[in-house]
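Asks: Quick one: the structure is below, and I'll ask about it shortly.
Each reported figure results from applying straightforward, stated rules to the coordinates on display, with no laboratory input. All figures in this text were calculated on a predicted structure; none of them were measured in a lab. Glycine also receives a Cβ, built like all others from the backbone with ideal geometry; neighbour counts cover every protein chain displayed.
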């Protein structure tokens, strides 16, 4: 009997996470070309004797949905097995989040934890599009970041919406006298050569959200400086390298001061802040989640 295609199964889960073969190859963490990925899927379907998904547009078949659920359960069981092989004191609490969350918010939240039984924490900076996968692959216990509108609540790993965060235009010092409203900025974009744009990489969830909203308004605006995090966006805007778009939070207001214009929600809808975790969660992770929920309710705008 042929061995079970574990590698192809993991690739299949990555395709489901990304929403298609092309997206998985282009934006996913898998280092495999699209033709090779297609070949792996053909072999997996041949082994199972069923068609798992429709290619264009991407959609799971009934057999694909069943296989997807079982594959997720198996991955979860393997993660729990891995945890059970460790002594409790050797298990760190592993948290993935954006740099702003790790720098501005996690220190306060972690101080509220009772860590007598486990003192080691692992904090990993990661873009929002990778967070669900990090939890699913058992690389992280909890992940905190922006949630795509295409994510279904209740999927595995579980994703819980904590708040909705409005977006703001970050205005460089040289433009702050002329650009005081979002309408002023739109006129600038439409009536002359485009100004500098400090932005995140193209495949970043926030960046895709911004570009989609701008295109809907008939605006094409190319990045002039690409940076890896929102804190870098704010820094380079303050140094007059161009405009940027950020997320409205209490901490960002304190740090960045002037040069912030609220973007009307009809022009650019708010993003959701969410937390990812597994169905079976350990007591320390559960306590941290309760602290995060309480903090979001008290301090974050439009928390739910």
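Asks: For Cα pairs less than 8 Å apart in space and 6+ apart in sequence, what is the mean separation divided by the residue count of the stretch 6-75, i.e. the relative contact order in percent?
Replies: That works out to 27 percent.
Asks: What ranking, highest mean first, results for peptides 41-48, 227-234, 94-101 when packing means the other Cβ atoms within 10 Å averaged over each residue?
Replies: Going by the mean number of other Cβ atoms within 10 Å, highest first, we get 94-101, 227-234, 41-48.
Asks: Please state the relative contact order of the stretch 167-262 as a whole percent: Cα pairs under 8 Å, 6+ residues apart?
Replies: Reported relative contact order: 49 percent.
Asks: Taking a ≥ b ≥ c as the square roots of the Cα gyration tensor eigenvalues, with a/c under 1.5 meaning rounded and otherwise prolate when a/b beats b/c, else oblate, which class fits the stretch 167-262?
Replies: rounded
Asks: Here's a follow-up. Please report the spacing between the Cα centers of the stretch 24-75 and the stretch 264-304 in Å, no decimals.
Replies: Each part reduced to its Cα centre gives a spacing of 31 Å.
Asks: Suppose the chain between residue 33 and residue 267 were pulled fully straight at 0.36 nm per residue; how much longer would it get relative to their current alpha carbon spacing?
Replies: 80.6 nm
Asks: Continuing with this model, one more query. Rounded to the nearest 0.05, what FRET efficiency is calculated for residue 91 and residue 26 with R0 set to 25 Å and r the Cβ-Cβ distance?
Replies: My answer for the efficiency is 0.10.
Asks: Same structure again: Pull out a ≥ b ≥ c, the square roots of the eigenvalues of the alpha-carbon gyration tensor of the stretch 6-75, then state rounded if a/c is under 1.5, prolate if not and a/b is larger than b/c, and oblate in the remaining case.
Replies: Cα axes put the stretch 6-75 in the rounded bin.
Asks: Next up: Set the Förster distance to 45 Å, then compute FRET efficiency between residue 181 and residue 56 from the Cβ-Cβ distance, nearest 0.05.
Replies: 0.60
Asks: While we're on this one: Based on the mean of other beta carbon atoms within 10 Å per residue, what is the order of 292-298, 106-112, 132-138, most packed first?
Replies: The peptides rank, most packed first, as 132-138, 292-298, 106-112.
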